[in-house]
Every structure is written in C-alpha cells, then in structure tokens.
1. Inspect the stretch A:95-105 for any residue being at pLDDT 95 or above, buried (at least 18 other Cβ atoms within 10 Å of the Cβ), more than 16 Å from DNA strand C (Cβ to nearest atom) and not in a helix (DSSP H, G or I) and give the result as yes or no.
2. Looking only at residues in the stretch B:51-65 that are open to solvent by less than 20 Å² (accessible area, probe 1.4 Å) and not β-branched (Val, Ile, Thr), which one is nearest to residue A:51 (Cα to Cα)?
3. Can you say whether residue A:185 is basic (Lys, Arg), at pLDDT 95 or above and either surrounded by fewer than 19 Cβ atoms within 10 Å (Cβ to Cβ) or within 30 Å of residue A:57 (Cα to Cα) (or both), as far as the supplied structure shows?
4. Between residues in the stretch A:27-49 that are touching a residue at least 60 places away in the same chain (Cβ under 8 Å) and within 14 Å of chain B (Cβ to nearest Cβ) and residues that are within 11 Å of DNA strand C (Cβ to nearest atom) and aliphatic (A, V, I, L, M), which pairs lie under 7 Å by C-beta distance while being six or more apart or on different chains?
5. Would you point out the residue of the stretch A:10-50, among those that are touching an Asp or Glu at 6+ places or on another chain (Cβ under 8 Å), at pLDDT 95 or above and within 14 Å of DNA strand D (Cβ to nearest atom), that is most open to solvent (accessible area, probe 1.4 Å)?
6. Checking the structure you have, find out if any residue of the stretch B:66-88 is within 9 Å of chain A (Cβ to nearest Cβ), outside any helix (DSSP H, G or I), open to solvent by 70 Å² or more (accessible area, probe 1.4 Å) and within 13 Å of DNA strand D (Cβ to nearest atom).
7. Here is a list of conditions, (1) within 30 Å of residue B:163 (Cα to Cα); (2) in contact (Cβ under 8 Å) with a residue 60 or more places away in the chain; (3) acidic (Asp, Glu), and residue A:199 meets all of them except one; can you say which number that is?
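The values are calculated or read from the model by the stated rules, or taken from the named source; none is laboratory data. Quantities reported herein were computed from a predicted structural model and do not represent experimental measurements. Glycine gets a Cβ as well: all are built from the backbone with ideal geometry, and neighbour counts include every protein chain shown. Just so you know, the surface numbers come from the protein's heavy atoms only, side chains and all, with ligands and any DNA or RNA stripped out. Shrake-Rupley method; radii C 1.70, N 1.55, O 1.52, S 1.80 Å.
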2 protein chains.
Amino acid sequence: MEHPARQNLGVSAYARLKRDIIRGVYPAGEKLLMSHLKERYDLGTGPLREALSQLVAEHLVVAISQRGYRVAAMSVGELEDIYDARANLEGLIVELAIARGDDGWEAEILAKAHTLAKVMDLSGPEEMLDVWDRRHQVFHSAIAAGCGSRHLLQARESLLDQVERYRHLWLCETVFSSEALEQKRQEHAALVEVLLARDSSRASRMIREHLMSPVPIIRDVMKRRGLE
Amino acid sequence: MEHPARQNLGVSAYARLKRDIIRGVYPAGEKLLMSHLKERYDLGTGPLREALSQLVAEHLVVAISQRGYRVAAMSVGELEDIYDARANLEGLIVELAIARGDDGWEAEILAKAHTLAKVMDLSGPEEMLDVWDRRHQVFHSAIAAGCGSRHLLQARESLLDQVERYRHLWLCETVFSSEALEQKRQEHAALVEVLLARDSSRASRMIREHLMSPVPIIRDVMKRRGLE
DNA sequence: TTCTAAAAAAATGTAGATATTTTTAAGGCA
DNA sequence: TGCCTTAAAAATATCTACATTTTTTTAGAA
C-alpha cells in the first residue's frame, strides 16, 4: 500500500504563503509577523522560517536580520523593469524556439491556442477569467518550451513568479470586456501564424509588444492606489 | 555606538554551505547529513534548514521529503544547457547594453578591462588565477550592467551561481598556460573594441562564442572523472 | 515635546520529543 | 547455500516548546 506521501510542513507553508502574497492577502511591504503566521497557518516557527527563506531567495519576501520578514516592496519602477526583462527574455526564447522547435512543438502550440480560443463558451464571469488566465499561461508556456533549454525556462519561471503580483493587480482591476478578449485572440492568432511561418524577428517583436501591453494599465491602477 | 550588526545564523550557514558546494567539498549528489552539517558548522538544525531551503530555491540543493537534502546532481547534459542558456542570455544583455549604455558604461568597461589585462604582473600561480578570475567576473559584470535591467541581471546572477560548480572544475583542472591567457586577453580586447563601436550583432555573437569556449574542456574533465 | 528606562513583543536558536526511513538481523523457503 | 521476507533496532528527519536575545512600545520625567 502506498502512503499519501507525507510532505514536510515547510513545503505546504511555502505554497500557501506564496499564493497569499501573490493574491495580495499581504500588501507589499507588510511585516510578516511570526505570531500571526503561526496562527493563520497553524504551524510552528521552524517550517515557516523554511518557507520564508525560500521566498527570500525568490525575491518575494525580504528578510531583515533580527527584525523578521516583510513582503517585498512594489513600485512602478519595478513594474516597468520586470515587464521589460520578461519581454526581452521571452523574445529571445521565441527566437530560439523558432530555430529549434520541431513538429511536436508546432502541434502543441496549435492545440493550446485552440483550447485558449474556446474559453468564452464557459459560465460565470469570475470563473471564466480564471480559466482564461490558466489557458493563456499554458499557451505561452507551450511556445517557450520550444527553446529546449531548461535553464532559460527556469529563468522565465522565476520572472513569472515575480511579475505575478502585478499581473494579479491587472486581472482584478480589469473588467474583462469582450473587445479586449477579442483583441487578445487576434494577437494570439497572428502570433501563431508568424511562429509557424518561422519568422523569427517578427515573432520576437510581436511577443515583446504583446507582453508589454498591460504595463500602462497596471501603472494606472498602482498610481490610483498610491502604490507608486 | 554602532553594534557590529548581528546576522542571524541562517545567513552565514547559507554562505558557507554555498561556498562549500561550489568548491566541491560535497560532491554532486551527495547526501547532506544533518548530523554532519551540525558538527561541521557548529549550528543547530534550525539555521541549517533555513540555509538549505534557500539553496533549494537556487537549485544547488535538492530536498526529498522526509529524506533530507542532497547536493544537486551534475551531468554533461546540464553543463551544456547551462552554458547554452548563459551564452544566449548574455548575448541578449549585451545587445541591450549596447542600445542603452551611456558614457559611464563605456568608461567602466575600459577601466575593468585594463585592470584585468594587468593581472599577470602578480606573484604565485594559484593566487594569480584567483585574482584573474575575480577581475574577469568584474569585467563581464561591467559589460552586462549596461542593459540597465535589475531583473535581467538577477537572472544572469542566478545562472552564474548554477554554473559555478562546472566553472570551478575548469579552473581547477586547467593548468593556466600563458598562451591561453594571451588568447583570452585578445578576445577581451576585441570584445571591448566592438562594444565601443556599438556593433550589436557582432558583439552578441562574440560574447556567445567567448562564453561557450570552456564547454569542451569541462566535458572532458567530467568524462574523465566519470561524472557524465 | 524629547529623552530614558522599564515592560512588552518579537525574532531567533536549541534541545528534545516524535515520526519516518534505513539498516541490520533473523527466519523461511527453494 | 542463496535469496527473499519480515521485524526489530538504529539512524535520521522533522517539528514543537521553551529559553534567550533583540527590538519595539510604553510610561514617566525632565
């Protein structure tokens, strides 16, 4: 008989904390009080400190010696830098993917693009956005996977984790109009076409623009909320 | 009066463990026994687990639930992927640096290149290699800094950390002939020239080749040591 | 108000309790 | 004997409770 494979508590603490930070449960810069975390997650300090250490390594949390932990700050400056870095890295990855991707890669892109395009058929507004976002991520990951480099994809993941708090701001604030959805769909369709045509420089430019487009919107949200 | 700013033990445990892993004190794949670590670093499990958690996030250590920690494996496959990823990322960063770097950037490069070129004047063989390596890193960092993106530089640092174990293999094994040194010096000089001329595509290609050159040597060392 | 000192709160570290895995040893069977 | 299974013992990982140290707050005095 197989046990349910007992995880150590640090791992689940890590997952839950990360999720809560990304979802904005703890605002940027907020002190993460050990006593509060112990109560909220019903855990001892040991596992919590393990989890926090990992989050420090991922730059989502900052540790100040003898003064505990804080949620990493957010700023418009960082917003712009993360998106810039992400756009450029993704551009590079797409170029490599076009040079290196095989038939399976093309097929995966088509499959994920199709799944993504079919989202609107679904039910409620909240849930639809959720599903759309998940499939959107999967679609872009399928494109990136073609570069074939575990370590470039790892760098990409790391930036995704760091951008997630800003992106969440966008998802929350955006009343997702069907025009915007339609707009995105067209961008994706155009992107797929250029990818399959293996037009490296055009694909790279397109993906960079595609990724940068939420920046002005998020910047506005931040300024409105006094997060600048 | 200022206190010496007491660090928590996890931080120094992290630094020492990382150093030892990179230096090959613990071979790839080796089990990191808590009892051994406690004795070696004279620390309790708490700080050690904090340090190990950070190293897990940096992919230098792997955690297996209820079975403790191991040094991350090494393989020729990973060697090739890290160097490939690094070369491509560095190529991208150089292109951005050329587009974005200002006069200060150019000046820094010239300064660091000069310091690097002057290393040979120094004393012993071991120490010289040490100094050379440090200045070499500084030189390349000065180039990369021009891209102006904290997050791209952070991704670069992360790859540097991960490649360090392989690079250390190279530094240890290489009896550093003055021809090789001379060869490197020429590559650097050529690189500086192209950078200052702002020849983006040539600089990118040159740096990619420059970074890839140790790969065959390291691959040989690994095969000889049965690390493949 | 501004400074100081006591009190409270918080972070950090260790020791030891608990749970899990690994090793060892013994027994059964071909 | 050789090999597998099983059970106990040892080693190990993990977690919590509490002790210690440091920071922050509070309250009183100048």
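1. Checked the stretch A:95-105: at least one residue is at pLDDT 95 or above, buried (at least 18 other Cβ atoms within 10 Å of the Cβ), more than 16 Å from DNA strand C (Cβ to nearest atom) and not in a helix (DSSP H, G or I).
2. The qualifying residue nearest to residue A:51 (Cα to Cα) is B:53.
3. So residue A:185 does not fit the description; no.
4. Short answer, once both residue conditions are applied: none.
5. Within the stretch A:10-50, the match that is most open to solvent (accessible area, probe 1.4 Å) is A:49.
6. yes
7. The failed condition is (1).
Each row is one residue, and each column tells you yes or no for (1) within 14 Å of chain A (Cβ to nearest Cβ); (2) out of contact with any Asp or Glu (no Cβ under 6 Å at 6 or more places or on another chain); (3) acidic (Asp, Glu); (4) assigned to a helix (DSSP H, G or I).
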{"residue": "B:131", "(1), (2), (3), (4)": "no, yes, no, yes"}
{"residue": "B:142", "(1), (2), (3), (4)": "no, no, no, yes"}
{"residue": "B:158", "(1), (2), (3), (4)": "yes, yes, no, yes"}
{"residue": "B:172", "(1), (2), (3), (4)": "no, yes, no, yes"}
